[in-house]
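Encoded as structure tokens, the structure appears first; notes follow it.
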Amino acid sequence: MEKVRWGLLSTANINRRVIPAIRQSARGELTAVASRSQESADSYAQHWDIPQTFASYEAMLASDAVDAVYISLPNHLHADWTVRALQAGKHVLCEKPFALTLADVDRMIAAANDTRLVLAEAFMYRHHPQMKLVEAFVRDGRLGDISLIQSVFNFQFKSRDNIRLIPEYGGGSLWDVGIYPVSFAQCVMGGPPDWVFGFQHLGASGVDEFFAGQLHYGNGRVAQISSSFLTPFHTRSVVVGTKGRLRMSRPFTNVEESEMVFYPDSGEPEYVDIPEEPLYLGEIEDMHTAILDGRPTYLTLAETRNHVRTVLALYESAAAGKPVFL
């Protein structure tokens, strides 16, 4: 295999970000799209110039037209369709959140192990040069001992008719955008927290439309995260250490507009140059490296499991009004 043939399992809006990345990649090609009807698949394929269409997800998985699938279905469908795709012989890039229960996460990982196929969670920002720079600052000791991380990701809906407001579909701001700050904290701190405390404001639909949480990592290290559907778009991250702090104005999305500044314990702030790269390209190229070269994915399934584990603990804490230990 010289190129990975990609299929889109659904016509979700997020596909518009991934399609250009597949086409920009050196070793991938977009071959097919599947929808719940032939009419929908054909219309989507015509708009995006995709060669082959399927009138059902099952039909694409049963075909030999694709080697890998990108799953951008609603959150509650991620686990079942990931397992079905793996069992059909397809590598899988599954959009975040990976799944809504640890049992489902373990079922997905077991399917990947059984089939020896590549499975990864689609956290595009983790692969971008900006995040690699953050990791280098931490690894090289330029920040000293990390004591505090603060991250926020907020945005407002233009319409209340939104799938992210449906509880049984895995709706809620923490699952949708709060999981980015959770992932960021886990990456910088080197693992999941020891215990968490969460607070949520539930909207009329029953999902958290605002969430705030504290993640405690021992030795006085804390990550503070928040997410919201109630306020205009705003995202940022700050990492504070004994030798200085690092601030990013766009850590998760719109990274082409990001400003990254290092404030040392003495001296002038340093504005860090961020290499230009399409935000979604890294996760696609990482899949190609894993599929074609046999290397491990950059984001491990153990990390992914801890993303879900931490979010579930935060929700449990918010519901009970007390700390939850992991």
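What follows draws every value from the coordinates through simple rules; no lab data is involved. Computed from a predicted structure; not experimentally measured. Note that we place each Cβ from the backbone using ideal geometry, even for glycine, and neighbour counts take in every protein chain shown.
Here region 74-111 and region 171-228 have alpha carbon centers that stand 22 Å from each other. Projecting the Cα positions of Phe325, Gln130, Ser63 onto the charge dipole of the chain (unit charges on Cβ atoms of Lys, Arg, Asp and Glu, taken about the Cα centre) puts Phe325 furthest along the positive direction.
Full extension from Ser56 to Phe233: what is 0.36 nm times the residue separation minus their Cα-Cα distance, to one decimal in nm? Write out the running numbers ahead of the final one.
Values: separation 177, 0.36 × 177 = 63.72 nm, distance 3.49 nm.
Length gained, Ser56 through Phe233: 60.2 nm.
Quick one: helix 301-320 against the long Cα principal axis of the chain, what's the angle to the nearest 10°, folded into 0 to 90? Rounded to the nearest ten degrees, it is 60.
Once the Cα atoms are used to define both axes, helix 102-115 deviates from the longest principal axis of the chain by about 50 degrees.
What's the local net charge at Phe199, with K and R +1, D and E -1, over the other residues with C-beta under 13 Å away? Intermediate values should be presented prior to the final figure.
Details: positive: Lys322; negative: Asp208, Glu209, Glu316.
Around Phe199, the surrounding residues sum to -2.
For the chain, what does the convex hull of the Cα positions come to per residue, in cubic angstrom? Spell out each step's value before the answer.
Details: hull volume 43.9 nm³, N = 326.
Hull volume over Cα atoms, normalised by residue count, gives 135 Å³.
Amide hydrogen proximity for Gly28: with H placed 1.01 Å from N in the peptide plane, the residues at 5 or more positions away or on another chain lying under 5 Å are Val4. Taking the chain as a Gaussian network, Cα atoms linked when under 10 Å apart, which of His234, His76, His128 shows the biggest mean-square fluctuation? Comparing His234, His76, His128 in the GNM, the peak value goes to His234. Taking a straight line from the alpha carbon of Lys243, these lysines sit under 22 Å away, with near neighbours fewer than eight places off in the same chain left out: Lys132.
The loop-placed trypsin sites (Lys or Arg not before Pro) in region 114-216, going by DSSP, that have at most 14 neighbouring Cβ atoms within 10 Å of their Cβ come out as Arg116, Lys158, Arg160. Only helices enter this figure: runs of n ≥ 4 DSSP H residues, each worth -39500 (n - 2.57), summed and divided by the residues of the chain, yield -10000 deg cm²/dmol at 222 nm to the nearest 500.
Between the residues Phe184, Ala34, Pro296, the greatest Cα displacement towards the positive end of the dipole of the chain, with unit charges on the Cβ of Lys, Arg, Asp and Glu, is found for Phe184.
Using a cut-off of 12 Å between beta-carbons, work out the net charge of the residues near Ala122 (Lys and Arg +1, Asp and Glu -1, Ala122 not included). Can you show the working numbers first?
Details: positive: Arg17, Lys96, Arg126; negative: Glu95, Glu121, Glu283, Asp286.
Neighbourhood net charge equals -1.
A straight Cα-to-Cα reach below 20 Å connects Lys3 with the lysines Lys90, residues fewer than 8 places away in its own chain not being considered. Between 0 and 90 degrees, the angle of helix 179-189 with respect to the longest Cα principal axis of the chain falls at about 60 degrees. When the Cα centres of region 256-326 and region 141-162 are compared, how far apart do they sit, in Å? If you average the Cα positions of each part, the centres end up 11 Å apart.
Where both residues lie in the chain, what percent of DSSP beta bridges are antiparallel, nearest 5?
Around 60 percent of the beta bridges assigned by DSSP in the chain are antiparallel ones.
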